[in-house]
1. Compute the orientation-averaged projected area for region 32-176 from the convex hull of its Cα atoms and round it to one decimal in nm².
2. Quick one: divide the alpha-carbon radius of gyration of the chain by 2.2 N^0.38 Å and tell me what you get.
3. For region 146-156, just list the computed ³J(HN,Hα) in residue order, Karplus coefficients 6.51, -1.76 and 1.60, θ = phi - 60°, integers in Hz, with x standing in for Gly and Pro.
4. For the chain, set up a Gaussian network in which alpha carbons nearer than 10 Å are linked by springs, and say which option among ILE212, ILE138, ILE24 fluctuates the most.
5. Using a Cα distance threshold of under 14 Å, what count of lysine pairs results for region 32-176 when pairs must be 8 or more residues apart or interchain?
6. With +1 on each Lys and Arg Cβ and -1 on each Asp and Glu Cβ, and nothing else charged, work out how big the dipole of region 247-297 is about its Cα centre, in Debye to the nearest 20.
7. Please list 3J(HN,Hα) in residue order for region 249-263, calculated via the Karplus relation 6.51 cos²θ - 1.76 cosθ + 1.60 where θ = phi - 60°; whole Hz, with x for glycine and proline.
8. Hey, how many Å between the Cα centroid of region 259-298 and the Cα centroid of region 307-364?
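Please treat every number below as a calculation from the coordinates, not as lab data. Quick caveat: nothing in here was measured; it's all calculated off a predicted structure. So basically every Cβ, Gly included, is an ideal-geometry build from the backbone, and we count neighbours across all protein chains shown.
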Amino acid sequence: MSFYENAKKMLAKSAEIIKLEQGIYEQLKKCTKTLIVSVPIKMDDGSIKVFDGYRVQHNTARGPGKGGLRFHPNVTLDEVRALAMLMTWKCAVVNLPLGGAKGGITCNPNELSVNEIERLTRRYTSAIIDLIGPEKDIPAPDINTSKREMGWIMDTYSMNVGATTLGVVTGKPVEMGGSLGRETATGTGLYFILEEIAKKLDIDLKNATIAIQGFGNVGSSFALRLYEEKVGKVIAVSDLKGGIYNPDGINCKELFEYAKRNKGVSNFKGTKNITNEELLTLDCDFLVPAAIEGQITEKIAPNVKAKVIIEGANGPTVSAADDILNKKGIVIVPDILANAGGVIVSYFEWVQDLHSFFWDLERVQSELKRLLKKSFNDVWEISKKYNTNLRMAAYILGVSRVADAMKMRGLFP
Ligand code: NAD
């Protein structure tokens, strides 16, 4: 089943539970706007290469579209649509006045120079310029994009419209309208979620064992927060090239510096190299997939031994695996709740940009904690009320809020 089919299946299941009106359901199954662009750039050797780019808005009933921009060889329209739909529910679950969108370019940034990536980002921005804007759709970083690309998007948009427009994109450098705390927001949010679920399940965090798949923005900022708070024991970490394991715990601060220097976590001192599959099936309290979608498959799920899964990545668990894990009694905090820290602080950045008034880090972090804690507890209560798991509870909350906004707005014309 494709990622988008998977996402639509979750919508269908939640629609049935909340008895969603047929007309609303028919609209929510589709993405409202889909733009496919070809992005030609001049390569450093003088040749011209053409890349495929996408920007999709799934639903904007609650506010402008919001969603990341991904640079990856596996980016497809199907994937971008699925991720845009997840963004709609995510923004609604944490009650932001934003809709769901996503973008991507099918490319391998590891094979491109910095100048080529800059030309690609700027040409793509120009190509989708009619769709984006502070009141329409606001991109943000995702896999293989960071504050650098967001800065180029802001500059390109501003050059095209003739005015510096801070609020067109979030995750920018702090020097040009970015928010303090945005870069680490998703990992910080995962940490707040970890605290909440541990309280509910009565798990002692001090000695909890944690395995993290993916050591990019999300995985590493989560690991560093654990290190700072002296919470738990990270026994395994992985990236695209493979993982490392030490049952006595890994020093994530040293690992962060090591991974930067060596472009990966493999062969870190005092650890044993393991595969990503081995990491996902380790005996631990918390498993945090923070890499890419489709990692916990039907084949892997029966061997997962973690007590709790906190989904840092978007869509890390395929639908069939989800059923297996639920039957095994493994508690899953779903992506649309667990990794919402990123979009929450993106929202704060957008608000700060529109006001040209900037917050200190304490305010950003305390507002983030307050919002995530409230959302987690809302989802927890719904799961009790409907006697369902946290993923379904989050969908019930997200889909209901979007449906309510659509009903109140009515159907144009
Ligand atoms: P990133 O590019 O910074 O890091 C991705 C990490 O995953 C890298 O360590 C990479 O080596 C690893 N990885 C990639 N493919 C892998 C594979 N097949 N097996 C094992 N490891 C693999 O990306 P990121 O921003 O950290 O995003 C990670 C996930 O979190 C994505 O699913 C993204 O959509 C989601 N997410 C990101 C944000 C954000 O603010 N950046 C917010 C919400 C959700």
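1. One quarter of the hull surface, i.e. the mean projection, equals 8.2 nm².
2. Output field value: 0.94.
3. 8, 4, 4, 5, 5, x, 5, 5, 4, 5, 4
4. ILE24
5. Final tally of qualifying lysine pairs is 9.
6. Using Cβ point charges on Lys, Arg, Asp and Glu, region 247-297 gives about 420 debye.
7. x, 10, 7, 6, 5, 5, 4, 4, 5, 4, 5, 5, 5, 9, 6
8. The distance from the Cα centre of region 259-298 to that of region 307-364 comes to 20 Å.
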